[in-house]
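*Asks:* First the structure, then my questions, so here it is.
The values are calculated or read from the model by the stated rules, or taken from the named source; none is laboratory data. Treat the numbers as computed from the prediction; the structure is a model and nothing was measured. Here the Cβ positions follow ideal geometry from the backbone for every residue, glycine too, while neighbour counts run over all protein chains shown. Accessible surface is based on the protein model in full, side chains and every heavy atom, while ligands, DNA and RNA are left aside. Shrake-Rupley method; radii C 1.70, N 1.55, O 1.52, S 1.80 Å.
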Amino acid sequence: MKLKDLEIFVVAPPAPGWGGRYWIFPKITTDDGITGYGECYASTVGPKAMVAVIEDVFARHMQGSSPEDVELMFRRAYSSGFTQRPDPTVIGAFSGLEIACWDILGKARNRPVWALLGGCVNPRLRSYTYLYPGPDDDPTSFWVDADATAEAAARAVAQGFTAVKFDPAGPYTIRGGHEPAFSDITRSAEFCAKIRQAVGDRADLLFGTHGQFSVAGAIRMGQAIEAYKPLWYEEPIPPDATLDLAEVARAVRVPIATGERLTTKGEFAAVLRAGAARILQPALGRAGGIWEGKKIAAIAEVFTAQLAPHLYAGPVEWAANLHLGASIPNLLMVETIETGGAFHMALTGNRLQWEDGYVTAPTGPGLGIEFNEDLARAHPYDGARLHLEMQEAPCDYRRPNHFEGGAPRTGEPITGEPA
């Protein structure tokens with residue numbers, strides 16, 4: 001059995017677009033007709049350029065190989081161009097293709113992917129969701145409205161979630177770490193207070209940031225929210241500042257989580273060695289794929305660290321997360337887009353099951369999904385924007401910093417303008 005043909009779907013989720021502007025799904029077909037689907041969570045170049053990278057990685061390092069040769073193909077991609085270092089674009093391309101290989105292998109053996117990774121440790125996987133505006137909420141003001149977000153938290157807990165994530169801490173800018181405006185700190189503490197009041201001890205609070213602070217700013221923000229006992233404080237400073245993140249971890253009494261922008265076991269190992277975080281959040285469509293995720297989990301296990309696989313993408317990466325999570329002893333929880341979202345679920349043939357705060361480990365062969373190609377083709381992304389974009393305008397210290405969640409607005413904001 002050899003990897004033969006490649007087709008790539010670039011899909012735009014319908015409004016409001018939770019999960020980003022588009023998702024990239026490679027489909028690999030073997031010479032004996034078995035198909036596998038993956039997902040590339042790579043967003044440093046536009047979708048047309050990314051498709052070209054995926055095609056190049058497949059043709060150069062994978063086509064004609066056995067889907068079993070995951071380790072060999074990873075070493076080829078990782079070493080390409082005399083690099084042997086993490087490259088989020090090349091490894092992102094490989095990650096989606098690697099996930100498709102596992103889908104093929106499971107289908108060839110009529111077994112779920114987790115059965116090929118050491119078996120099922122977690123038949124039910126605890127899940128969490130970001131807090132999103134409801135149908136009666138203003139989609140712009142919701143992100144800075146503590147009362148509306150607390151109501152959303154109560155709704156999520158009523159659905160069965162035992163952990164909710166929110167991000168009121170201010171803008172993500174291209175300028176690197178900044179000092180938060182004190183109004184951002186005040187708003188963040190207010191969000192924590194009102195959400196904690198709304199959910200009591202029925203759910204953990206997951207305080208999201210996206211690498212926007214300086215070390216001093218991250219410490220000030222973290223100390224302001226300590227009283228509300230969040231389960232984690234996510235990526236408070238830029239992701240490549242590992243030793244500085246360790247300084248934040250030592251100064252704040254909230255566990256640090258990080259990893260959605262890290263690539264390969266090498267970067268995650270550096271985080272663990274430095275004591276920078278004990279909750280790791282690999283995005284399998286960027287970090288190297290399922291096998292690399294298994295290695296990250298094994299390294300983390302030695303450090304008594306836990307994994308909470310990241311998801312701000314489409315449902316094939318979600319399915320990959322579930323198989324990894326089912327197979328590791330140090331799973332904390334997995335991210336979902338609410339309960340998967342109607343479009344997410346439809347793209348996977350409604351094969352993934354969420355119930356009362358938990359996702360069931362898939363039992364079908366391969367990833368356990370039936371990818372809906374007709375639906376994917378009916379929602380193509382034909383724009384040139386990136387999956388997510390940071391604002392160029394700096395943090396505002398005179399007026400409140402208004403921002404939105406990860407979904408693009410209708411009409412698309414001008415690049416560089418604050419939301």
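*Asks:* Return the residues of the stretch 209-237 that are among the charged types (D, E, K, R) and assigned to a loop (DSSP other than H, G, I, E, B); say none if nothing qualifies. Step through it out loud before you land on a result.
*Replies:* The initial filter retains those residues of the stretch 209-237 that are among the charged types (D, E, K, R), namely 220, 226, 229, 234-235.
Passing the criteria: Lys229, Glu235.
*Asks:* Starting from the stretch 389-408, keep only residues that are within 15 Å of Arg175 (Cα to Cα), then list their pairs with residues that are at pLDDT 85 or above and among the aromatic types (Phe, Trp, Tyr) whose Cβ atoms are within a distance under 8 Å, requiring at least 6 positions of separation or different chains.
*Replies:* Partner pairs satisfying both residue conditions: Met390/Tyr172; Gln391/Tyr172.
*Asks:* Run Thr83 past the list (1) surrounded by fewer than 24 Cβ atoms within 10 Å (Cβ to Cβ); (2) at pLDDT 95 or above; (3) of a type in the set (S, T, N, Q) and report the number of the one that doesn't hold.
*Replies:* Condition not satisfied by Thr83: (2).
*Asks:* I'm trying to understand the selection: among the residues of the stretch 350-391, which are open to solvent by less than 30 Å² (accessible area, probe 1.4 Å) and within 27 Å of Asn110 (Cα to Cα)? Lay out the reasoning, then the answer.
*Replies:* Restricting attention to the stretch 350-391, the residues satisfying the condition of being open to solvent by less than 30 Å² (accessible area, probe 1.4 Å) are 352, 357, 359, 361-362, 364, 366-369, 371, 376, 383, 387, 391.
If the condition is that a residue be open to solvent by less than 30 Å² (accessible area, probe 1.4 Å) and within 27 Å of Asn110 (Cα to Cα), then Leu352, Val359, Ala361, Pro362, Gly364, Gly366, Leu367, Gly368, Ile369, Phe371, Ala376 are the ones that fit.
*Asks:* In addition: Out of all the residues in the stretch 170-208, which are hydroxyl-bearing (Ser, Thr, Tyr) and in a loop (DSSP other than H, G, I, E, B)? Explain how you work it out, then say what you get.
*Replies:* Within the stretch 170-208, the subset hydroxyl-bearing (Ser, Thr, Tyr) is 172-173, 183, 186, 188.
Tyr172 - this is the single residue of the stretch 170-208 that is hydroxyl-bearing (Ser, Thr, Tyr) and in a loop (DSSP other than H, G, I, E, B).
*Asks:* Could you check the stretch 53-80 and list, in sequence order, the residues that are open to solvent by less than 50 Å² (accessible area, probe 1.4 Å) and small (Gly, Ala, Ser)? Outline the logic, then answer.
*Replies:* Residues of the stretch 53-80 that are open to solvent by less than 50 Å² (accessible area, probe 1.4 Å), as a first pass: 53-54, 57-58, 61-62, 64-67, 70, 73-74, 77-80.
Gly64, Ser65, Ser66, Ala77, Ser79, Ser80 - these are the residues of the stretch 53-80 that are open to solvent by less than 50 Å² (accessible area, probe 1.4 Å) and small (Gly, Ala, Ser).
*Asks:* Which numbered condition trips up Ala270, out of (1) without any contact (Cβ under 8 Å) to a residue 60 or more places away in the chain; (2) open to solvent by less than 10 Å² (accessible area, probe 1.4 Å)?
*Replies:* All conditions pass for Ala270, except number (2).
*Asks:* Does Asn330 satisfy the condition of being more than 18 Å from Thr258 (Cα to Cα), without any contact (Cβ under 8 Å) to a residue 60 or more places away in the chain, touching a helix residue (DSSP H, G or I) at 6+ places or on another chain (Cβ under 6 Å) and of a type outside the set (Gly, Ala, Ser)? Please lay out each step first, then the result.
*Replies:* Details: more than 18 Å from Thr258 (Cα to Cα): no; without any contact (Cβ under 8 Å) to a residue 60 or more places away in the chain: yes; touching a helix residue (DSSP H, G or I) at 6+ places or on another chain (Cβ under 6 Å): yes; of a type outside the set (Gly, Ala, Ser): yes.
So Asn330 fails the test.
*Asks:* Among the residues of the stretch 302-323, are any open to solvent by 10 Å² or more (accessible area, probe 1.4 Å) and in a helix (DSSP H, G or I)?
*Replies:* Just the residues of the stretch 302-323 that are open to solvent by 10 Å² or more (accessible area, probe 1.4 Å), to begin with: 302-304, 306, 312.
After this cut, where a residue has to be in a helix (DSSP H, G or I) as well, the list is 302.
Taking every residue of the stretch 302-323 in turn, at least one turns out to be open to solvent by 10 Å² or more (accessible area, probe 1.4 Å) and in a helix (DSSP H, G or I).
*Asks:* I'd like the residue in the stretch 236-261 that is open to solvent by 30 Å² or more (accessible area, probe 1.4 Å), closer than 20 Å to Ile225 by Cα and under 20 Å from the mean Cα position of the chain (by Cα) and, out of all such residues, is modelled with the lowest pLDDT.
*Replies:* Ranking the candidates gives Pro238 first.
*Asks:* Scanning the stretch 17-45 for residues that are open to solvent by 40 Å² or more (accessible area, probe 1.4 Å) and within 18 Å of the chain's Cα centre (by Cα), which turns out nearest to Ala313 (Cα to Cα)?
*Replies:* Among residues in the stretch 17-45 that are open to solvent by 40 Å² or more (accessible area, probe 1.4 Å) and within 18 Å of the chain's Cα centre (by Cα), the one nearest to Ala313 (Cα to Cα) is Trp18.
*Asks:* Taking the stretch 67-96, which residues are closer than 16 Å to Ile290 by Cβ and polar (S, T, N, Q)?
*Replies:* Scanning the stretch 67-96 gives a single hit, Ser95.
*Asks:* In this structure, is Thr363 in contact with a strand residue (DSSP E or B) (Cβ under 8 Å, 6 or more places away or on another chain) and modelled with pLDDT of 90 or more?
*Replies:* Details: in contact with a strand residue (DSSP E or B) (Cβ under 8 Å, 6 or more places away or on another chain): yes; modelled with pLDDT of 90 or more: yes.
The answer is yes for Thr363.
*Asks:* Mind checking which pairs have a first residue in the stretch 106-121 that is in contact (Cβ under 8 Å) with a residue 60 or more places away in the chain and farther than 17 Å from Ile28 by Cβ and a second that is part of a helix (DSSP H, G or I) and of a type in the set (Phe, Trp, Tyr), Cβ under 8 Å, 6 or more apart or different chains?
*Replies:* Pairs that qualify, where the first residue is in contact (Cβ under 8 Å) with a residue 60 or more places away in the chain and farther than 17 Å from Ile28 by Cβ and the partner is part of a helix (DSSP H, G or I) and of a type in the set (Phe, Trp, Tyr), are Cys120/Trp114.
Yes/no matrix, rows are residues, columns are (1) more than 23 Å from the chain's Cα centre (by Cα); (2) closer than 20 Å to Trp18 by Cβ; (3) open to solvent by 20 Å² or more (accessible area, probe 1.4 Å); (4) polar (S, T, N, Q):
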{"residue": "Ser127", "(1), (2), (3), (4)": "no, yes, no, yes"}
{"residue": "Pro135", "(1), (2), (3), (4)": "yes, yes, yes, no"}
{"residue": "Phe161", "(1), (2), (3), (4)": "no, yes, no, no"}
{"residue": "Lys165", "(1), (2), (3), (4)": "no, yes, no, no"}
{"residue": "Pro168", "(1), (2), (3), (4)": "no, yes, no, no"}
{"residue": "Thr173", "(1), (2), (3), (4)": "no, no, no, yes"}
{"residue": "Gly177", "(1), (2), (3), (4)": "no, no, yes, no"}
{"residue": "Phe182", "(1), (2), (3), (4)": "yes, no, yes, no"}
{"residue": "Ile185", "(1), (2), (3), (4)": "yes, no, no, no"}
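*Asks:* Sticking with this structure for a sec: Among the listed residues Thr44, Thr35, Thr29, which satisfies the condition of being within 24 Å of Ala376 (Cα to Cα) and touching a Pro at 6+ places or on another chain (Cβ under 9 Å)? Write out each step before concluding.
*Replies:* Values: Thr35 fails: touching a Pro at 6+ places or on another chain (Cβ under 9 Å); Thr29 fails: touching a Pro at 6+ places or on another chain (Cβ under 9 Å).
Criteria check complete, one pass: Thr44.
*Asks:* Give all pairs with beta carbons closer than 8 Å in which a residue from the stretch 139-164 that is within 21 Å of Tyr233 (Cβ to Cβ) and in a helix (DSSP H, G or I) meets a residue that is basic (Lys, Arg) and open to solvent by less than 40 Å² (accessible area, probe 1.4 Å); count only pairs at least 6 apart in sequence or on separate chains.
*Replies:* Matching pairs, first to second residue: Val144/Arg187; Ala146/Arg187.
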